[in-house]
1. Want the number for residue 120 to residue 46: 0.36 nm per residue separation, take away the alpha-carbon distance, what's left?
2. Which residues in segment 58-97 place their backbone N less than 19 Å from a point set 7 Å from the Cα of residue 1 along the Cα-to-Cβ direction?
3. Within segment 1-34, what residues put their amide N at less than 13 Å from the label point 7 Å along the Cα-to-Cβ vector of residue 77?
4. Can you list the residues, at least 5 places off or on another chain, whose amide H is less than 5 Å from the amide H of residue 54, using H built in the peptide plane?
5. Check cross-link reach from residue 237 to the lysines: straight Cα distance under 27 Å, and skip same-chain residues fewer than eight apart.
6. Setting aside same-chain residues fewer than 8 positions from residue 19, which lysines have a Cα under 30 Å from its Cα?
7. Can you find, among 110, 100, 89, the residue farthest towards the positive end of the dipole of segment 43-146? Put +1 on the C-beta of Lys and Arg, -1 on that of Asp and Glu.
8. Could you derive backbone 3J(HN,Hα) for segment 239-249 from the dihedral phi with the Karplus parameters 6.51, -1.76 and 1.60 (θ = phi - 60°), listing whole Hz in sequence and x where the residue is Gly or Pro?
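Where a number appears in this text, it was derived from the coordinates with a stated rule and is not lab data. Keep in mind that this is a model prediction, so the values were computed, not measured. Virtual Cβ from ideal backbone geometry, glycine too; neighbours counted across all protein chains shown.
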Amino acid sequence: MQIVRQLDPLRDALAELRKPGLKIGLVPTMGALHAGHMRLVEVAREHCDAVVASIFVNPTQFGEGEDLDAYPRQEAADAALLEAAGVELLWAPTADQMYPSGYATSVSVSGISDGLCGAARPGHFDGVATVVAKLFNQTRPDAAFFGEKDYQQLAVIRRMARDLDFTHDIVGVPTVRDPDGLALSSRNAYLTEQQRADAVALPETMREAAGAIAAGGDVATIFAEGRARILAAGFHKIDYLELRDADTLLALDKFSQPARLFAAAHIGRTRLIDNIPVS
């Protein structure tokens, strides 16, 4: 596997991959890879002839006081995982390659980025849309692969790609979970042993709430009970527990298809997010 950190070598390496007419898949990441990321690589290999992965901890999607400095960085271990999975090229740019001196451009996707994590983390999705647009321009893939755990992010990227005429496929991959149901996340590494045990209350509560909503229960009552259960389990703050249209992400006060349940809550110093379909 080739590791590239500068734009000109990246373009040269991609040109060589394309010479035989290979279909190229892109898996963008911030590193600290886990089984969820590796599932993205696996799906990319199923869809494409060659896979390019990127690792870049993007500073523009972190707000003031968030975990940019603490975010786990383990490039050597990540590179070994990617190489073993058959990735042909790792794009691991330096910060000055992504945001050179004088950089002044930002991509903002209005509407679908409002609410949920967009409300809890102002400016976050501007940073996401900007870096992903740059990655798309830099690699020009035939398809790009993103996890559904970050469902709002996936929706923002799809809207951005449509609006800016990126013509490649945007493929969403279902969330990978631990056996007890907790969604895999690089930030799970922040959890203490007790917090990890307590954190399972989030997906458990969401599953119960989704079932009750699908059965015709009152959404407001179900969410009040769900919030109380999450807080009683050891979470100290809930950013949101909401029912949304799965396509538009508009808020729903009663069940209608297609719908998803979204949640974000804090336990210790860790913010966990999750979403599940309601059917």
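1. Numbers: separation 74, 0.36 × 74 = 26.64 nm, distance 3.54 nm.
Stretched fully, the residue 120-residue 46 segment lengthens by 23.1 nm.
2. Only 58, 72-94 fall inside the zone, counting backbone N under 19 Å.
3. Counting only backbone N, you get 31-34.
4. So residue 54 has HN proximity to 27, 29, 91.
5. Within reach: 149, 254.
6. 134
7. The Cα lying farthest towards the positive end belongs to 110.
8. 6, 6, 9, 9, 9, 9, 5, 5, 8, 8, 6
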